[in-house]
Every structure is written in structure tokens, then in C-alpha cells.
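See structure below.
No lab work stands behind these numbers, since they all come straight from the coordinates. In this text, all values refer to a predicted model and were calculated from it rather than measured experimentally. As a convention, Cβ positions derive from the backbone with ideal geometry for all residues, glycine included, and neighbour counts pool all protein chains shown.
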Amino acid sequence: MSCYLDPKADITFKRVFAQRKDLCISLLNALLPLAPDAQIVSIEYLPSEVLPFYDGGKNTVADIRCTDQHDRQFIVEMQMAWTSAFMQRIVFSASRAYVNQLKAGDDYPDLKPVYLLTLLNTTYLSDTPDAFHDYQICENGTNHVIEGVRWAVVELPKFRPSTSAQKRYFTFWLRYFTEITDKIETVPADLLEIPEIRDAIESLEIGAYSPAERATYENYWDNVRYERTLMRGKFTEGKIEGIAEGEAKGKIEGEAKGITETNRRNALAMKNKGYPLPDIAEITGLPLSEIEKLAQNPSEQKSELPH
């Protein structure tokens with residue numbers, strides 16, 4: 001039996017990062033694309049705001065908001081599922097935080113940057129094996145960036161600590177979210193060697209939670225399972241209605257074929273990068289037998305992770 005709870009649940013996520021400023025600072029500095037001379041030194045927490053990830057959804061998105069010594073704002077979200085409205089949601093959330101800084105009489109130069117970090121417990125980009133995505137507002141075809149808002153999204157199921165190019169703390173924090181679950185009995189020894197990671201893991205020990213808190217934890221996962229089931233049901237209903245119409249049926253079949261081809265290309269890219277075949281099958285949905293037949297190109301370039 002595991003001695004730990006999963007860090008991705010609302011109650012555990014906030015126990016670790018909304019009560020321990022040092023751990024929140026470590027996480028932000030590790031995962032956000034901040035310059036060496038722009039690292040976060042201190043933070044103050046702001047009121048959290050939880051938005052459902054689709055109309056009618058329950059609150060299964062945990063978020064933490066804070067500001068640092070330069071008055072920059074940071075939003076950290078643990079999001080359990082993805083829908084077509086996902087990107088619009090994070091754009092809205094960060095943009096509203098940016099706009100809400102201005103009070104009557106304030107000038108635009110008073111606006112401070114807003115960073116939104118989303119840890120996504122599923123995948124949403126099937127055309128790349130990369131786990132980390134860095135978004136800014138920039139001019140097409142140039143490096144001209146409009147400063148102000150920046151989004152970082154991590155697809156946790158895609159993360160594999162496989163290259164020395166990864167930042168040390170980037171790797172350890174993502175291992176914390178992907179390797180520590182309520183199903184493990186022992187923690188990898190190298191994770192316990194990092195003081196911040198060790199403290200974060202100790203905050204997940206079951207004995208640190210009251211019976212009421214453990215019930216809240218279980219209810220959270222019940223809600224996650226319910227919403228996933230509801231989303232699958234809505235998807236199935238929409239698909240059935242579409243198939244009832246000849247034109248819609250052809251469109252669905254064409255999209256399905258395109259998705260399959262994209263998954264094959266994605267699987268080949270991951271195979272070339274040395275991903276374990278069972279992991280490729282889990283991410284792409286392709287059977288192992290089909291993945292094994294894909295031609296391997298040893299000369300394919302390694303994907304880059306944030307520096």
C-alpha cells in the first residue's frame with residue numbers, strides 16, 4: 001500500500017505549492033522560461049480563481065496565483081483534462097490577470113508581465129512528442145515579440161527524462177509530478193537527494209492528512225473520473241449524430257484518417273528519439289505491432305527542451 005497521495009489532486013497540489021513559498025518559487029524558476037538574471041526570489045500569494053475547463057464542468061482545475069519582487073504575476077494550474085476550449089481558457093485567464101492590473105488613473109507602462117504555467121495531465125498536441133510548449137505573442141515570420149503575457153504548457157504524459165540538455169530542476173520537478181502517485185510504495189532515491197523535492201514529497205505522506213482531507217482527496221478524483229466519463233459521452237453522442245448525416249460521416253472518416261497518419265508520424269518521431277514502445281503506444285493510441293513496423297531513422301534530430 002502506498003504511503004503517499006498523488007501531487008496532482010487539488011488538495012495536495014495546494015498543500016505543497018500554496019503553503020510553501022520556497023517550493024512554489026523553485027517550481028516556477030525550474031519550469032518557466034525566465035532569464036538567469038530574472039529569477040524569482042520572493043513571492044506573495046494572490047487570491048486563487050478556479051474556472052471549469054468546459055461549460056458545466058466541476059472545479060477540477062487547481063490554480064495558485066502569486067506576485068514576485070518585481071510585481072510580475074504568476075499563475076500555476078494543474079489541469080486534469082483537455083477540451084477544444086483549453087487554449088482559449090488559458091489565454092483568457094492570463095489576459096484577464098494582465099488587464100486587471102490597471103486601476104483608474106494608471107498608465108499602460110505600469111503593467112507588469114503575467115506568466116501562466118499549466119501542468120496538463122493529458123496530451124493535446126498529437127503532431128509532436130515534445131512535452132514542453134512556450135507561447136508568446138509575436139509577429140509572423142519574425143522574432144518581434146509583444147511583451148506582457150507568456151504561457152508555458154507541459155503535457156505530463158509525454159515527459160521523459162531522456163537528455164542531458166534538460167535543466168536539472170526542470171527534470172526533477174516533472175519527475176515529481178509523473179513518478180509520485182498514490183500507487184507507489186517507495187520513492188526513487190535520487191529524488192530524495194534534492195531538498196525541495198524531498199520536502200514536496202514529504203508533504204504528500206498520507207499521515208499528514210486528516211480523514212476529512214483524505215475524503216476530499218478521494219472526492220476530487222471521483223469528480224475527475226466523472227468529468228472524463230461525461231466528456232467521452234458527449235464526444236460519442238456528437239459522433240453518432242454526425243454519422244447519421246452522410247456528409248458529416250465523410251468528414252469524420254477523413255479526419256480520422258488524418259489523425260491516424262499524424263499519429264504514425266508522431267510515433268515514428270518518438271521511436272527515433274528512443275522512447276519505449278509501450279509509452280509510444282500509450283501516447284499515440286497505435287498498437288505495438290504497428291509501431292514495431294515503423295522504419296527507424298537514426299539520423300533524426302533530437303527534440304529540444306527549454307534551457
Quick one: which residues, 5 or more positions from THR122 or on another chain, have an amide H under 5 Å from its amide H? H modelled 1.01 Å from N in the peptide plane, none for Pro or chain starts. LEU156
Show me, for segment 24-41, the HN-Hα J-couplings you get by feeding each phi into the Karplus relation (A = 6.51, B = -1.76, C = 1.60, θ = phi - 60°), rounded to Hz, glycine and proline as x. 5, 4, 4, 4, 5, 5, 6, 9, 8, x, 9, 5, x, 8, 10, 5, 7, 10
Enumerate the calculated ³J(HN,Hα) couplings along segment 210-226 in order (Karplus 6.51 cos²θ - 1.76 cosθ + 1.60, θ = phi - 60°), each rounded to whole Hz, writing x wherever the residue is Gly or Pro. 6, x, 5, 5, 5, 5, 4, 4, 5, 5, 4, 5, 4, 5, 4, 5, 4
Between segment 15-50 and segment 150-194, how many Å separate their Cα centres? 17 Å
What is the calculated FRET efficiency for GLN69 to ILE137, with r their C-beta to C-beta distance and R₀ = 35 Å, to the nearest 0.05? 0.90
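With 23 Å as the limit, write out which pairs from LYS21/LYS112; LYS158/LYS183; LYS183/LYS273; LYS112/LYS158; LYS21/LYS158 have Cα-Cα distances beyond it, or answer none.
In this structure, LYS183/LYS273; LYS112/LYS158; LYS21/LYS158 exceed 23 Å between Cα atoms.
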For LEU46, other-chain or 5+-apart residues with amide H closer than 5 Å (H placed, Pro excluded) are ARG65, CYS66, THR67
Residues HIS133, HIS144 arranged by fewest to most Cβ contacts within 10 Å: HIS144, HIS133
Two pseudo-spin positions, 7 Å from Cα along C-beta at LYS14 and at ASP107, lie apart in nanometres by 3.9 nm
Taking amide H atoms as placed 1.01 Å from N in the peptide plane, list the residues 5 or more away in sequence, or in a different chain, whose amide H sits under 5 Å from that of ALA62. MET78
Residue-wise HN-Hα coupling along segment 172-178, computed from phi with Karplus coefficients 6.51, -1.76, 1.60 (Hz; x: Gly, Pro): 5, 5, 6, 5, 4, 7, 9
